[in-house]
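Values quoted throughout were computed directly from the atomic coordinates according to the rules given, and no laboratory measurement underlies them. Not measured: the values here are computed from a predicted model. Neighbour counts run over all protein chains shown; Cβ positions are idealised from the backbone, glycine included.
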Amino acid sequence: TSRKGGREVDRSEFADAVSENNERYKANAQLYRKRQEINEHIFGTIKRQWGYNHTNLTGLEKVNGEHSLIMLVYNIKRAMNILGVPELIAKLKNWKSPYKAKSCFVLETTYFELVFGYVKNTLSIAA
């Protein structure tokens with residue numbers, strides 16, 4: 001070059017970390033693709049299809065609570081799509097847990113409201 005000081009190359013303070021990450025990615029490309037198939041699909045669905053691209057609350061505890069509720073809804077919807085609502089309710093009724101009655105009540109009540117337009121007798125659900 002014709003410059004007095006020679007050529008200058010600007011390098012980010014994170015350049016070493018970026019190059020290490022690129023090397024790790026190249027060495028484990030199959031593993032990263034598997035992660036994209038399994039894990040990142042969930043967040044893509046929640047952010048793009050459901051529109052939850054930000055949180056409505058502030059504070060770590062509140063944000064964690066909101067995120068947990070969104071993930072719970074995702075898991076319930078997935079179980080409903082895979083098993084179907086009647087089979088999911090049957091599996092929850094056979095589930096040995098102190099929370100069983102409440103879980104079955106919420107799912108069965110929601111199902112009957114959506115499908116039949118009424119709430120089934122709640123006394124027989126909790127028994």
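Per-structure values
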quantity: Reachable lysines, given that their alpha-carbon falls under 27 Å from the alpha-carbon of K96 and they are not under 8 places away in the same chain; calculated: K77, K120
quantity: Exposure proxy order (Cβ contacts within 10 Å, fewest to most) of L83, L88; calculated: L83, L88
quantity: Relative packing of peptides 74-81, 42-49, 13-20 - highest average C-beta neighbours within 10 Å first; calculated: 74-81, 42-49, 13-20
